[in-house]
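Written below as structure tokens is the structure these notes are about.
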Amino acid sequence: MKHLITCKELNATDIEAIFAHASEFKRMKGLTPVSQKQFLNQTVSLIFVESSTRTRMSFEIASLNLGARVVQLFPEISSLNKGETLEDTVLDLYAMGCRYFVIRHPQSGIFDALLNIKKPGLKYINAGDGDREHPSQALLDAFTLIEKFGTLKDLRICILGDVLRSRVAKSNAIVLSRLGAKISVSGPKPLLPSKSDLPEVEIFESPDDAVRDVDVVMGLRTQMERGGTTFKPDSSYLDTYGVSKMRLKLAKKDAWVMHPGPVQRNVDIDSEIIDGPNSLILKQIENGVFVRMAIMAHMGLEMV
């Protein structure tokens with residue numbers, strides 16, 4: 001696997017190998033011995049042109065755990081702020097010795113241009129491109145669910161919220177359905193995708209119908225920064241569309257709850273649910289380090 005840009009490129013062998021690596025890294029608590037530090041003397045560049053906490057910092061920790069040096073580019077004080085293209089930025093950093101690029105960018109499809117750069121050993125990981133995809137989030141979500149359920153076959157998962165603009169929903173729809181899960185989605189009508197946008201899911205106009213008898217409910221934040229609609233959540237949003245305590249009662253007894261973050265307490269998800277015994281949110285964050293280590297190990301820079 002040369003790059004990880006879209007979940008559409010992942011086959012069952014890739015996913016199984018990544019999860020096997022992640023399980024082993026988790027068993028070792030991320031403390032890999034020097035003999036297994038694949039990235040010793042390698043440099044990983046984190047280019048986050050869009051805000052991030054969980055993804056950026058877990059990729060940094062993952063890289064350090066594997067023995068790599070990490071350099072971060074801050075766009076507001078970089079030459080991107082002077083009009084330099086991202087392609088030229090990558091070429092500059094490649095010339096300095098970076099081979100591994102973890103990139104988040106507000107432009108959907110930004111990697112289409114970056115893939116035109118042909119350099120030996122150059123590897124990309126998509127940490128989120130606009131509203132298109134977020135592959136590592138989908139993989140860590142699937143890994144977390146497999147830890148809990150053992151298998152995703154016939155598992156019923158509901159995704160609630162701003163599905164239309166959610167790269168997490170798009171990547172999860174591909175990975176979770178490929179592993180056998182049945183996915184329903186719902187949210188405000190202006191924020192629902194068309195069936196052609198997400199052919200892997202069942203779309204409900206009623207959030208209550210989407211949640212009924214599911215095993216897992218995943219909340220999503222309304223992504224105002226992506227534009228494209230005048231819809232804004234108000235004080236009634238939680239009860240009307242979000243993961244509220246009343247709505248969660250329609251799911252299976254002891255259904256589990258997920259959220260990719262950042263959470264908006266008492267807007268897209270009830271604060272008590274976030275902190276409750278059936279919340280997997282912090283487990284998702286914990287597993288993010290091990291799954292991102294596994295992704296990088298599976299892509300594999302040269303062993304020292």
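Where a number appears in this text, it was derived from the coordinates with a stated rule and is not lab data. As the structure is a computational prediction, the values presented were derived from the model and not from experiment. Glycine gets a Cβ as well: all are built from the backbone with ideal geometry, and neighbour counts include every protein chain shown.
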Per the charge dipole of the stretch 135-282 (beta-carbon charges, Lys/Arg positive, Asp/Glu negative, Cα centre), the residue among Pro199, Thr240, Gly261 reaching farthest to the positive end is Pro199
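If packing is taken as the mean number of other Cβ atoms within 10 Å per residue, what is the order of 170-181, 145-156, highest first?
With the highest mean Cβ count within 10 Å placed first, the list reads 170-181, 145-156.
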Burial-style ranking of 130-136, 283-289, 204-210, average other-beta-carbon count within 10 Å with highest first, yields 130-136, 283-289, 204-210
Which residues qualify? For Met218, with a placed amide H closer than 5 Å and at least 5 residues away or on another chain, they are Cys158, Ile159, Leu160, Met258
Cross-link reach from Lys119 to lysines, straight Cα distance under 29 Å and at least 8 residues apart if same chain, gives Lys2, Lys8, Lys37, Lys82
For the chain, the dipole about the Cα centre with charges only on Cβ (Lys and Arg +1, Asp and Glu -1), to the nearest 20 debye, works out at 540
In nanometres, the difference between 0.36 nm per residue of separation and the alpha-carbon distance of Lys253 and Arg265 is 2.1 nm
Under the Karplus relation with 6.51, -1.76 and 1.60 and θ = phi - 60°, whole-Hz ³J(HN,Hα) for the stretch 190-199, x at Gly and Pro, equal x, 10, 9, x, 7, 4, 6, 6, 10, x
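Dipole size in debye (nearest 20) for the stretch 135-282 around its Cα centre, Lys and Arg Cβ +1, Asp and Glu Cβ -1?
240
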Relative contact order in percent for the stretch 135-282 (Cα pairs under 8 Å, 6+ apart) equals 23
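Listed highest first by mean packing, meaning other Cβ atoms within 10 Å per residue, what order do 187-195, 157-165 come in? If you can, show how the numbers build up before the last one.
On the way: 187-195: 16.7, 157-165: 26.0.
Going by the mean number of other Cβ atoms within 10 Å, highest first, we get 157-165, 187-195.
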Under 5 Å from the placed amide H of Val201, counting only residues 5+ away or on other chains, we find none
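Based on DSSP, what percent of beta bridges with both residues in the chain are antiparallel, to the nearest 5?
Working: 1 of 34 bridges.
Bridges in the chain that DSSP calls antiparallel: roughly 5 percent.
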Helix 12-27: inclination vs the chain longest Cα principal axis, degrees, rounded to 10, gives 80
Inter-part gap, Cα centre of the stretch 131-197 to Cα centre of the stretch 8-26, in whole angstrom, is 18
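In whole percent, what relative contact order does the chain give with Cα contacts below 8 Å and a gap of six or more residues? Could you put the intermediate results ahead of the total?
Details: 570 pairs, mean separation 64.7, N = 304.
Value for the chain: 21 percent.
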Any residue on another chain or 5+ positions along whose placed amide H is under 5 Å from the amide H of Lys182 is listed here as Asp154, Leu155, Arg156, Ile157
Given (i) 59, 37, 36; (ii) 54, 44, 32; (iii) 52, 50, 41 as possible values of Cα extents along the principal axes in Å, the one from the coordinates is (ii)
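First measure r as the distance between the Cβ atoms of Arg27 and Thr85, then evaluate 1/(1 + (r/R0)^6) with R0 = 41 Å and state the FRET efficiency to the nearest 0.05. Walk me through the intermediate numbers first.
Values: r = 42 Å, r/R0 = 1.03.
My answer for the efficiency is 0.45.
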If unit charges are put on Cβ atoms (+1 for Lys and Arg, -1 for Asp and Glu) and the dipole of the stretch 135-282 is taken about its Cα centre, the option from Ile274, Gln223, Val168 lying farthest towards the positive end turns out to be Val168
